[in-house]
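Here's the structure, in structure tokens; my notes come after.
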RNA sequence: GGGCGGAUAGCUCAGCUGGUUAGAGCAUUGCGCUUACAUCGCAAAGGUCGCAGGUUCGACUCCUGCUUCGCCCACCA
């Protein structure tokens with residue numbers, strides 16, 4: 001079998017993926033012998049195509065999933081997609097528009113058919129793309145938020161909350177998107193600053209008045225006639241809303257306008273008399289101190305109106321054109337056109353005092369970015385405070401932990417100040433409200449929001465004719481009429497997503513509730529004990545888990561991985577839903593990662609054209625390269641700034657792994673070695689060194705992954721593999737490629753592959769299979785199901801054939817991290833570096849020269865034994881061991897060395913010595929100052945002082961040796 | 001208006017609970033096709049750790065203020 005010298009991910013990835021599917025590697029089922037570990041995927045929108053954010057998010061999850069799977073947990077990664085109500089409807093509407101059609105033209109039923117057709121055709125695109133990334137989800141379970149079971153769960157929840165009095169219907173001011181023509185929740189309205197103007201508009205008084213000035217300064221500032229006043233000035237950023245004004249408000253403390261009530265105010269153009277109200281909410285400092293009040297189109301005004309019992313006039317249609325409640329000239333005009341027209345008229349009438357440029361913070365629809373219009377309308381809401389209570393507690397008490405921790409505070413702040421959630425949407429794609437109306441009972445109730453609403457409150461206390469049940473009833477329970485119709489609205493997408501961690505398991509229909517409660521407590525205990533030091537995957541206490549249902553077995557899930565953007569949308573609400581419906585937290589850890597940005601720090605988005613397409617990266621460099629580079633860049637929740645070249649690191653590393661394996665396997669073949677066990681004997685110094693390094697790496701990488709510090713795990717394994725294993729061990733071993741060596745090589749390589757597997761699943765699997773094919777070792781079927789490396793003696797590592805378990809002569813102690821055992825090798829490696837340096841200084845970098853060394857004891861033996869590769873790596877002709885050297889070029893506490901060269905160029909050598917001396921002298925000074933300081937000696941910890949003293953010794957010696965060398969050469973140089 | 005995060009080599013970032021000769025990758029500069037890998041090897045250069053105070057025997061690490069970039073929340077019309 002030929003192994004090409006360059007790794008070709010394209011050939012490998014698809015093949016490997018098929019293998020995994022064939023071997024059922026992704027599937028998880030209840031297994032009483034194992035502890036569960038589960039993650040639910042943040043379901044991507046069916047409109048989504050894989051972008052870098054997904055790649056990042058899902059790679060993190062897959063790394064944890066694969067790691068835990070190898071650790072022996074029964075691992076479930078639950079996949080699925082979100083119907084994404086508004087987003088999907090928009091996409092299909094656009095499609096229709098291409099044919100010149102509106103959804104109304106084809107009607108609700110046909111439109112929904114089109115939506116389902118669209119979903120069937122494109123809705124699984126992103127799932128296929130996730131597979132390319134290597135995501136090891138249990139694809140059999142792929143859920144969709146509009147699956148039949150799932151939809152039933154959504155309805156159950158709605159009905160349940162309604163019955164508890166936590167879902168209610170009412171006329172309130174909500175965020176209205178005039179383009180999507182639906183209500184939105186507060187979270188779906190993103191506040192952004194836009195440039196606008198603050199207009200100062202004169203509202204005439206009913207009767208002129210001549211008040212006694214309180215303060216001439218203030219009077220001047222609002223610029224009215226000193227004697228008689230016949231208008232007041234209000235400031236507004238949205239002049240068109242004045243057509244819906246029903247009052248003006250002042251602060252009761254404001255002495256400037258005490259007379260206003262008496263004078264009366266007339267709304268210009270409309271010529272309606274406005275009420276004058278007093279309220280603390282009015283800011284004396286802002287504008288003129290007089291506020292126009294538009295109850296139906298402004299949140300503050302809305303609450304003022306409720307408090308002061310004002311009239312609500314909704315002046316807008318659902319597309320933000322003005323309706324018939326405004327003067328005829330304005331009817332049908334778009335809100336911004338109306339604004340211009342109105343300003344023009346006001347200008348003509350001399351009613352505009354001034355306008356100032358002003359930054360307006362306006363809500364924008366998070367789906368189409370249209371400016372939100374606050375608007376009173378009849379909607380359904382969820383009362384959040386009661387739900388928040390327990391969700392706050394579990395986070396406050398760290399039952400659910402955020403990482404990085406700072407998000408805990410963000411979460412709690414939001415939760416403490418939570419507002420009711422508007423959940424009805426005036427679109428067609430989604431879960432239609434399980435609400436039925438009796439036409440007979442309702443009659444006047446269902447007045448459209450277009451009409452005047454007397455009072456925004458207008459609670460339906462009796463709810464007569466409103467039937468909230470999961471399935472359509474036969475007749476009205478009140479009057480027995482069969483003339484029933486369902487509420488047209490659908491639920492907010494997030495009203496289904498918040499059930500994701502348990503509805504995906506078939507809740508509430510597949511749950512054995514009695515068992516559930518008991519087991520939940522059980523599991524909770526376990527998780528508590530386990531979570532901080534998750535280690536081996538032992539079966540639950542008592543060795544059996546009485547899980548009749550998957551929900552009981554896999555819920556609560558272990559960790560939720562997400563970006564901060566959906567903390568409120570989704571994470572917070574899942575916690576509330578979990579507590580409310582399961583009585584238990586949905587996940588124990590929340591891992592919040594950063595946002596993917598471009599090189600300038602701007603969030604990647606298609607509209608800005610600054611995206612780097614992960615699929616393109618996969619195509620060019622491979623999925624492993626993409627994954628590795630992303631994981632290397634992601635650090636504890638910080639944003640990642642990406643450029644295409646950053647993926648080269650991953651690509652190059654893939655190639656390095658490939659070639660290390662290639663070399664090993666070619667050598668085995670070349671030397672005709674038959675490897676049927678890993679029963680390696682006679683470990684020499686260098687073997688012990690690499691095994692020690694390996695053990696240490698295993699320890700560190702495992703710990704990092706346990707703590708979800710993926711990037712540090714990435715760095716450690718990278719450093720070990722490339723700079724220890726490839727740069728040194730493989731290079732050294734080239735000379736003497738024996739069966740025994742090849743066993744060590746395979747052992748180290750395989751363990752490295754295992755550690756790398758969560759990060760780079762494809763190449764590690766491919767190489768794992770290659771090793772199997774090139775040797776006679778009996779190994780696991782797939783690396784995916786092999787066991788995670790343990791920091792231990794090789795014989796104790798499971799996953800190897802039984803032959804690997806017996807007869808290994810190595811004392812376990814020898815492989816422990818033991819400084820003395822490998823110090824000789826470490827010094828030797830360091831010395832080789834010194835020789836290389838000296839040769840460069842002397843200008844003979846590539847020349848093969850003779851080396852003389854003066855060594856003693858174990859070092860001498862070590863050098864003698866290892867001569868061949870020392871010569872090769874340091875590029876030496878011969879090594880001579882002598883009692884005394886003619887000349888010394890390098891000195892350490894362990895020995896001296898000299899290179900035999902004629903006419904050496906001493907200048908560089910000397911200056912490099914000087915430099916070293918200078919650098920060390922600076923440190924030396926620092927340390928001696930410290931040691932002279934009485935306070936330091938008295939107050940610092942004794943062991944710190946001791947360390948400093950040792951350091952002092954070492955550095956003095958180093959300086960002494962270097963100085964001696966320097967002087968010797970300087971003398972010689974001077975004599976010349 | 002509140003809150004949060006970042007500011008360390010030219011670039012992107014590590015640096016845990018205060019004591020390090022402050023690290024890595026990329027880029028740069030030399031040298032090198034040495035028995036896998038030029039998607040490579042060997043080496044070099046490059047940092048008064050944003051600024052100013054403070055605490056401390058000692059601060060890149062802790063505290064305060066400032067500068068600057070970026071996020072999130074908020075009913076200043």
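Listed here are the residues, each with its yes/no results for (1) under 30 Å from residue A:556 (Cα atoms); (2) away from RNA strand B (no atom under 13 Å from the Cβ); (3) in a helix (DSSP H, G or I).
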{"position": "A:585", "(1), (2), (3)": "yes, yes, no"}
{"position": "A:590", "(1), (2), (3)": "yes, yes, no"}
{"position": "A:601", "(1), (2), (3)": "no, no, no"}
{"position": "A:608", "(1), (2), (3)": "no, no, no"}
{"position": "A:617", "(1), (2), (3)": "no, yes, yes"}
{"position": "A:630", "(1), (2), (3)": "yes, no, yes"}
{"position": "A:635", "(1), (2), (3)": "yes, no, no"}
Take segment A:663-693 and flag every residue that is within 16 Å of RNA strand B (Cβ to nearest atom), touching a residue at least 60 places away in the same chain (Cβ under 8 Å) and touching a helix residue (DSSP H, G or I) at 6+ places or on another chain (Cβ under 6 Å). A:664, A:665, A:668, A:673, A:686, A:689
Of the conditions (1) at pLDDT 90 or above; (2) more than 21 Å from residue A:789 (Cα to Cα); (3) more than 10 Å from RNA strand B (Cβ to nearest atom), the single one that residue A:728 does not satisfy is (3)
The condition of being touching a helix residue (DSSP H, G or I) at 6+ places or on another chain (Cβ under 9 Å) and closer than 29 Å to residue A:370 by Cβ holds, among A:351, A:284, A:322, only for A:322
In the list A:832, A:838, which residue meets the criterion of being surrounded by 14 or more Cβ atoms within 10 Å (Cβ to Cβ), touching a residue at least 12 places away in the same chain (Cβ under 8 Å), in contact with a strand residue (DSSP E or B) (Cβ under 8 Å, 6 or more places away or on another chain) and not in a strand (DSSP E or B)? A:838
Taking the criterion of being away from RNA strand B (no atom under 16 Å from the Cβ), within 22 Å of residue A:504 (Cα to Cα), touching a residue at least 40 places away in the same chain (Cβ under 8 Å) and surrounded by 15 or more Cβ atoms within 10 Å (Cβ to Cβ), would at least one residue in segment A:181-189 satisfy it? no
Residue count, segment A:706-738 (criterion: within 22 Å of residue A:594 (Cα to Cα) and crowded, with 23+ Cβ neighbours inside 10 Å): 3
I'd like the residue in segment A:254-285 that is touching a residue at least 60 places away in the same chain (Cβ under 8 Å) and part of a loop (DSSP other than H, G, I, E, B) and, out of all such residues, is surrounded by the most Cβ atoms within 10 Å (Cβ to Cβ). A:268
Would you please name the residue that is farthest from residue A:247 (Cα to Cα), looking only at residues in segment A:274-283 that are in contact with a strand residue (DSSP E or B) (Cβ under 9 Å, 6 or more places away or on another chain) and more than 7 Å from RNA strand B (Cβ to nearest atom)? A:279
Quick check: anything in segment A:672-690 on the phi > 0 side of the Ramachandran plot and either surrounded by fewer than 20 Cβ atoms within 10 Å (Cβ to Cβ) or modelled with pLDDT under 90 (or both)? yes
Quickly run through segment A:849-863 and pick out the residues that are more than 53 Å from the chain's Cα centre (by Cα) and surrounded by 13 or more Cβ atoms within 10 Å (Cβ to Cβ). A:849, A:850, A:851, A:852, A:853, A:854, A:855, A:860, A:861
Filter segment A:827-847 for residues that are within 14 Å of residue A:872 (Cα to Cα) and at pLDDT below 90; which is farthest from RNA strand B (Cβ to nearest atom)? A:847
Among the residues in segment A:866-882, are any in a loop (DSSP other than H, G, I, E, B) and either over 51 Å from the mean Cα position of the chain (by Cα) or without any contact (Cβ under 8 Å) to a residue 12 or more places away in the chain (or both)? yes
Selection within segment A:193-239 - in contact with a helix residue (DSSP H, G or I) (Cβ under 7 Å, 6 or more places away or on another chain), more than 15 Å from RNA strand B (Cβ to nearest atom) and modelled with pLDDT of 85 or more: A:205
Read through the list (1) more than 16 Å from RNA strand B (Cβ to nearest atom); (2) out of contact with any strand residue (DSSP E or B) (no Cβ under 8 Å at 6 or more places or on another chain), then give the number of the only condition that residue A:13 fails. (1)
Could you tell me whether any residue of segment A:406-421 is within 29 Å of residue A:467 (Cβ to Cβ) and more than 10 Å from RNA strand B (Cβ to nearest atom)? yes
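Condition check ((1) under 28 Å from residue A:826 (Cα atoms); (2) within 13 Å of RNA strand B (Cβ to nearest atom); (3) outside any helix (DSSP H, G or I)) across all residues:
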{"site": "A:907", "(1), (2), (3)": "no, no, no"}
{"site": "A:947", "(1), (2), (3)": "yes, yes, no"}
{"site": "A:954", "(1), (2), (3)": "yes, yes, no"}
{"site": "A:964", "(1), (2), (3)": "yes, no, no"}
{"site": "A:972", "(1), (2), (3)": "no, no, no"}
Might you check whether a residue that is more than 23 Å from residue A:13 (Cβ to Cβ), touching a strand residue (DSSP E or B) at 6+ places or on another chain (Cβ under 6 Å) and in contact (Cβ under 8 Å) with a residue 60 or more places away in the chain occurs anywhere in segment A:620-638? yes
Here are some conditions: (1) within 15 Å of RNA strand B (Cβ to nearest atom); (2) surrounded by fewer than 19 Cβ atoms within 10 Å (Cβ to Cβ). Residue A:298 meets all but one. Which one does it not meet? (2)
Name the one entry in A:712, A:742 that is within 14 Å of RNA strand B (Cβ to nearest atom), under 35 Å from the mean Cα position of the chain (by Cα), modelled with pLDDT under 95 and on the phi < 0 side of the Ramachandran plot. A:712
Would it be correct to say that residue A:658 is within 14 Å of RNA strand B (Cβ to nearest atom), at pLDDT 90 or above, under 28 Å from residue A:15 (Cβ atoms) and in contact with a helix residue (DSSP H, G or I) (Cβ under 9 Å, 6 or more places away or on another chain)? yes
Which condition number does residue A:288 fail, the rest of (1) within 16 Å of RNA strand B (Cβ to nearest atom); (2) within 44 Å of the chain's Cα centre (by Cα); (3) assigned to a loop (DSSP other than H, G, I, E, B) being met? (2)
Looking only at segment A:927-943, filter to residues that are surrounded by 12 or more Cβ atoms within 10 Å (Cβ to Cβ) and in a helix (DSSP H, G or I); which one of those is nearest to RNA strand B (Cβ to nearest atom)? A:936
Does residue A:313 satisfy the condition of being over 17 Å from residue A:372 (Cα atoms), touching a helix residue (DSSP H, G or I) at 6+ places or on another chain (Cβ under 6 Å), surrounded by 18 or more Cβ atoms within 10 Å (Cβ to Cβ) and free of Cβ contacts under 8 Å to residues at least 40 places away in the same chain? no
Can you tell me which residues in segment A:637-655 are outside any loop (DSSP other than H, G, I, E, B), more than 8 Å from RNA strand B (Cβ to nearest atom) and over 30 Å from residue A:733 (Cα atoms)? A:644, A:647
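The values are calculated or read from the model by the stated rules, or taken from the named source; none is laboratory data. As the structure is a computational prediction, the values presented were derived from the model and not from experiment. Cβ coordinates were reconstructed from backbone atoms using ideal geometry, including for glycine residues, and neighbour counts include every protein chain displayed.
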